[in-house]
Amino acid sequence: MREVKVPEWFVESCQKIKYLFPKAHAVAYVFMAFHFAWFKLNYPLAFYVSFFTVRGTEDFDYEVISQGYDEIFKRIKGLYLKGTDISTKEVKELPVLEVALECTARGYEFLPISIFKSDATKFVIEDECLRPPLVCIPNLGKNMAEAIAKAREELLFDSIEDLSKRARVGSTLIDKMRELNVLEDLPEENQLALF
């Protein structure tokens, strides 16, 4: 570089910088941004379903997002007000909340999680709305969600007791499902009416 009279400040900076962002990499990001924008505009529900399935299941705060635009906005505002006191988990949650806010601002709704209709790990489009998967229930992991979906495929649950036995769901998780109304009208026990 010195032979072709490159300024000394540039030579010194090259010795300090380990990686220079190549133009091809920048172009790839721009193409990706165009793809995102095109899908958001032309297939918004497909975009949101893909985004939340790939990026959002771990950081999807169902309890906030299910309450709609105003609650999502309040949560985002609260996270921004924390400034540098924001936790790593909350930093990851923020983009998911922002996309959920955009989604609801465009008039799309999130349906409730359903023990009968929700997929184990993927968001689905249903009646021009988005239905979150079972894995979005707080403290319910992927393996448990898949166990519930598998047991449901074999035979629909006829009671909470049946769900607990066949999918091996603990009482703490059952209580959370009750709180979020995931269990819908599922009776507590298998009862046989004789008369």
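The values are calculated or read from the model by the stated rules, or taken from the named source; none is laboratory data. Bear in mind that the values here come from a model prediction, so they are computed numbers and not experimental data. Note: ideal-geometry Cβ built from the backbone for every residue, glycine included; neighbour counts use all protein chains shown. Areas reflect the complete protein model, heavy atoms only, side chains present, ligands, DNA and RNA absent. Shrake-Rupley method; radii C 1.70, N 1.55, O 1.52, S 1.80 Å.
Computed values, structure above
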item: In Hz, Karplus ³J(HN,Hα) per residue of the range 113-126 (6.51, -1.76, 1.60; θ = phi - 60°; x = Gly, Pro); result: 5, 10, 5, 9, 10, 6, 6, 5, 10, 10, 6, 10, 8, 9
item: Per-pair calculated FRET efficiency, R0 = 35 Å: His25 and Val4 via Cβ, rounded to 0.05; result: 0.85
item: Of [x] -0.38, -0.72, -0.81; [y] -0.28, -0.60, -0.70; [z] -0.49, -0.81, -0.89, the label for log10 I(q)/I(0) by the Debye sum over Cα atoms at q = 0.09, 0.13, 0.14 Å⁻¹ derived from the coordinates; result: [z]
item: Mean separation of Cα contacts under 8 Å, 6 or more apart, over the residue count of the range 96-195: relative contact order %; result: 23 percent
item: Exposure of Ser66 as accessible area (Å², to 10), given a probe of 1.4 Å and all protein chains; result: 60 Å²
item: Helix 69-81 axis, angle to the chain major axis (alpha carbon atoms, nearest 10°); result: 50 degrees
item: Extension gain (nm, one decimal) between Glu161 and Tyr69, 0.36 nm per residue minus Cα-Cα; result: 29.6 nm
item: Relative packing of peptides 44-56, 144-156 - highest average C-beta neighbours within 10 Å first; result: 44-56, 144-156
item: Estimated distance in nm for a label pair at Lys16 and Thr84, the labels positioned 7 Å out from Cα along Cα-to-Cβ; result: 2.2 nm
item: Reachable aspartates and glutamates from Lys16, criterion Cα separation under 13 angstrom, eight or more residues apart if same chain; result: Glu8
item: Cross-link reach list, aspartates and glutamates versus Lys77, counting only Cα pairs under 18 Å and skipping chain neighbours closer than eight places; result: Asp59, Asp61, Glu63, Asp85, Glu90, Glu93, Glu98, Glu102
item: The chain - accessible surface per residue (Å², probe 1.4 Å); result: 67 Å²
item: Virtual spin-label span in nm between Glu184 and Thr121, 7 Å along Cα→Cβ; result: 2.4 nm
item: Three-way shape label, the range 99-150, alpha-carbon gyration tensor, a/c 1.5; result: prolate
item: Whole-angstrom gap from the range 1-35 to the range 156-185, using each part's C-alpha centre; result: 56 Å
item: By average C-beta atoms within 10 angstrom, highest first, the peptides 93-105, 117-129; result: 93-105, 117-129
item: Relative packing of 29-38, 11-20, which averages over residues the other C-beta atoms within 10 Å, highest first; result: 29-38, 11-20
item: Rounded tilt (10° steps) of 88-105 against the dominant C-alpha axis of the chain; result: 80 degrees
item: Those lysines that a straight Cα-Cα span of less than 22 Å connects to Lys40, excepting residues fewer than 8 apart in one chain; result: Lys92, Lys122
item: On Cα atoms only, tilt of 23-42 relative to the major axis of the chain in degrees; result: 40 degrees
item: Accessible surface of the range 68-148 [probe 1.4 Å, protein heavy atoms]: carbon and sulfur percent; result: 53 percent
